[in-house]
Amino acid sequence: MLNPTPQPAKGSAAAQRQALLHHASAAATEPGGLADLFRQLCSGSLADLPQPGSGQTLARWRALSDVAAHDLSLVKLFEGHTDALAIHRELCPADLPAPGTTWGVWAAESPEARLRVSWDAANSAVIHGRKSWCSGAKILSHALVTAWDGDGGGPWLVALKLDQPGVRVTGQGWQAVGMAGSDSVDVEFNGAAGQALGSAGSYLVRPGFWHGGAGIAACWYGGALALAQTLRRALAGPENSPKTPPSVIRAIALGRVDVALASTAALLRQAACWIDQHPQDDARPVALRVRLSAEQCAGAVMQQVGQALGAGPFCRDAVFARRAADLPVFLRQSGADRDFQALGEHGATKGDEAWSL
Ligand SMILES: Cc1cc2nc3c(=O)[nH]c(=O)nc-3n(C[C@H](O)[C@H](O)[C@H](O)COP(=O)(O)OP(=O)(O)OC[C@H]3O[C@@H](n4cnc5c(N)ncnc54)[C@H](O)[C@@H]3O)c2cc1C
């Protein structure tokens, strides 16, 4: 079973989201198309996903996976916005983002691009420096950024408006072909004003940090699922006779894809359940496991689908071609061996019931 997602209730935000994606141009490649679709996804209650750990974590991840299956740059922006809302609810529930605003979370800490924070007389944050990997910088209204104070304390998480004199969105740092639409450029801050959320370090130590990290796995899963659907459609197509070699090869590939997707889907469902049952516990191993599983699954799906279908869809199907270019780039947000090491060290020192049947 390649897509176990149940149909959402009529009129629900999930159903509206699906309808919006269904009617949107599949490509969203026209100038401004992706930005328009993203803004529509952030309007009303469509981006108001269940908080991780609230009992509906899986519904949240299904939403991310659905958007990812439509377009990976789109989900990069949507995931950032919904993560920012979840962070606000966790760290600063009395001051939630205003309706109509759109948010990114820029927390990458490149050694050559770290932000400094100081405080003005009114105790507002003042930000200086350069931040790399700022997805959506050209179209968002606000961002949460990590920054370090003069004593090296932090990271502080600072909310700021992007349309202000102290913020300059550069065209630098982003030559990507895959994930081009996420436009994850460098941004310069020169005395930009903002408000800190929580205290130094609270961005990293809150339970939601790893819940958000696990949500990325749902995005990768959705991208892999969409590639797999192309293979499934090809196998079911009228040009396939059950006895021809391409059909046999495609069936073998789809079998391998089925095992990869079903394994990761099961792990995602289990992880969502664990987070709902232990919302305040350290979800790091759970999140690392689903991220690494989704990364491996996506790699296997790309390999199998590519081999089974050949050059055709890469060269003749615009949506498939972009998805196949986007997914490997998006996957590079994985910590890869660093995360395997962390997971191994956790398993070695603490043991884990995750292996029990
Ligand atoms: C499409 C895209 C969009 C992004 N958008 C955002 C965004 O909106 N906000 C944001 O904050 N960030 C964003 N990022 C940045 C991302 O989260 C990372 O910060 C960025 O990719 C740099 O980290 P890195 O792991 O690639 O680099 P490095 O830390 O230099 O690592 C490079 C490689 O070496 C491996 N490695 C490093 N250390 C070890 C170790 N000790 N053991 C084993 N292996 C190791 C890593 O796993 C990685 O594969 C985005 C990245 C991409 C690709």
*asked:* Please go through region 54-78 and give me each residue that is within 23 Å of residue 98 (Cα to Cα) and over 15 Å from the mean Cα position of the chain (by Cα), ordered by number.
replied: 54
*What number of residues within region 327-341 are more than 8 Å from the ligand (Cβ to nearest atom) and touching a helix residue (DSSP H, G or I) at 6+ places or on another chain (Cβ under 6 Å)?*
2
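Can you confirm whether region 100-114 contains a residue that is among the hydroxyl-bearing types (Ser, Thr, Tyr), away from the ligand (no atom under 16 Å from the Cβ) and in contact with a His (Cβ under 9 Å, 6 or more places away or on another chain)?
Within region 100-114 (the criterion being among the hydroxyl-bearing types (Ser, Thr, Tyr), away from the ligand (no atom under 16 Å from the Cβ) and in contact with a His (Cβ under 9 Å, 6 or more places away or on another chain)), the answer is yes, since at least one residue qualifies.
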*Could you tell me which of the residues 293, 356 is hydroxyl-bearing (Ser, Thr, Tyr) and within 30 Å of residue 106 (Cα to Cα)?*
293
*Sort out which residues of region 125-141 are open to solvent by 20 Å² or more (accessible area, probe 1.4 Å) and among the hydroxyl-bearing types (Ser, Thr, Tyr), and write them in order of number.*
141
*asked:* Given the condition touching a residue at least 60 places away in the same chain (Cβ under 8 Å), touching a helix residue (DSSP H, G or I) at 6+ places or on another chain (Cβ under 8 Å) and aromatic (Phe, Trp, Tyr), answer yes or no: does some residue in region 274-295 qualify?
replied: no
*Can you tell me which residue in region 98-124 is farthest from the chain's Cα centre (by Cα), limited to those that are open to solvent by 100 Å² or more (accessible area, probe 1.4 Å) and more than 12 Å from residue 156 (Cα to Cα)?*
121
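The values are calculated or read from the model by the stated rules, or taken from the named source; none is laboratory data. All values reported here derive from a predicted model rather than from experimental measurement. All Cβ positions, even for glycine, are placed from backbone atoms using ideal geometry, and neighbour counts span all protein chains on display. Accessible surface is based on the protein model in full, side chains and every heavy atom, while ligands, DNA and RNA are left aside. Shrake-Rupley method; radii C 1.70, N 1.55, O 1.52, S 1.80 Å.
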